[in-house]
Amino acid sequence: MLFQAIRKSLEFPNASQVVQQNYIDFLAKTYRLSHNGDHGLEHWMRVLINGRLLAEGNGADIEVVEHFALVHDVMRENESLDLYHGPRAADFVKMIAGTWIRLNEHQLHQLMNACRYHSVGRLDRDVTIQTCWDADRLDLGRVGITPKSLYLGSSLAKDHNFIEMANMRSKKRFVKEGFSDD
């Protein structure tokens, strides 16, 4: 049970029912890279926290934001430049829609677009898609990059204090080094 180590840090009053133990376990087993890497389980959880905080402030669709946090990097093939991991994640979403992902057509479209284009540096007028991207970009501190407000879309995400909080969170470890992916 991979998720149990960080469950307490993820309790939010307005969270949806997306984050379930069996869903996290399924995604963790699907992921081919190390969960101790830059794009593994800890990153997903910090994106989840960022997304929940942003959605609470801007009204983004929490179900889409939570699914995005968990699936946006699940199809990565390496930790460095993987230009097609976003489109692969969007295809993966389509493949598991109706089983692991139960969203209406509009939500599914938002999730697939958020996954497909999350690493190309775009901004989007759709508050839910932008919230997904902001949540991910706010975790760049894990690789030594401070997020730039130029690439963030909402006023909350651009807030200096919010960026600083996310940047500090991005450097914290939830799981001990040597965490087993088994």
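Name the residue that is surrounded by the fewest Cβ atoms within 10 Å (Cβ to Cβ), counting only residues in region 48-78 that are among the acidic types (Asp, Glu) and more than 18 Å from HIS106 (Cα to Cα).
It comes out as GLU77.
Identify, please: which residue in region 57-102 is acidic (Asp, Glu) and in a helix (DSSP H, G or I) and is, among those, farthest from GLN21 (Cα to Cα)?
Ranking the qualifying residues of region 57-102, first place goes to ASP91.
Of all residues in region 68-124, which are among the charged types (D, E, K, R) and farther than 18 Å from GLY51 by Cβ? Can you show your working first?
At the first step, the residues of region 68-124 found to be among the charged types (D, E, K, R) are 73, 76-77, 79, 82, 88, 91, 94, 102, 105, 116, 122, 124.
If the condition is that a residue be among the charged types (D, E, K, R) and farther than 18 Å from GLY51 by Cβ, then ARG76, GLU77, GLU79, ASP82, ARG88, ASP91, LYS94, ARG102, GLU105 are the ones that fit.
Among the residues of region 130-154, count how many are free of Cβ contacts under 8 Å to residues at least 40 places away in the same chain, surrounded by fewer than 19 Cβ atoms within 10 Å (Cβ to Cβ) and either at positive phi or in a helix (DSSP H, G or I) (or both).
Summing the residues that are free of Cβ contacts under 8 Å to residues at least 40 places away in the same chain, surrounded by fewer than 19 Cβ atoms within 10 Å (Cβ to Cβ) and either at positive phi or in a helix (DSSP H, G or I) (or both) in region 130-154 gives 5.
Show the residue pairs meeting these rules: Cβ distance below 6 Å; 6+ apart or different chains; first residue within region 96-125 and charged (D, E, K, R); second residue surrounded by 19 or more Cβ atoms within 10 Å (Cβ to Cβ).
Qualifying pairs under 6 Å: ARG116/GLY86; ARG116/ALA90; ASP124/GLN130.
For ALA135, only one of the following conditions fails: (1) at pLDDT below 95; (2) among the aliphatic types (A, V, I, L, M); (3) within 22 Å of GLU164 (Cβ to Cβ). What is its number?
(1)
Identify all residues within region 28-52 that are in a loop (DSSP other than H, G, I, E, B) and of a type in the set (A, V, I, L, M, F, W, C); write none if there are none.
LEU33
The values are calculated or read from the model by the stated rules, or taken from the named source; none is laboratory data. As the structure is a prediction and not an experimental result, all values here were calculated from the model. For neighbour counting, all protein chains shown are included, and Cβ atoms are generated from backbone atoms with ideal geometry for every residue, glycine included.
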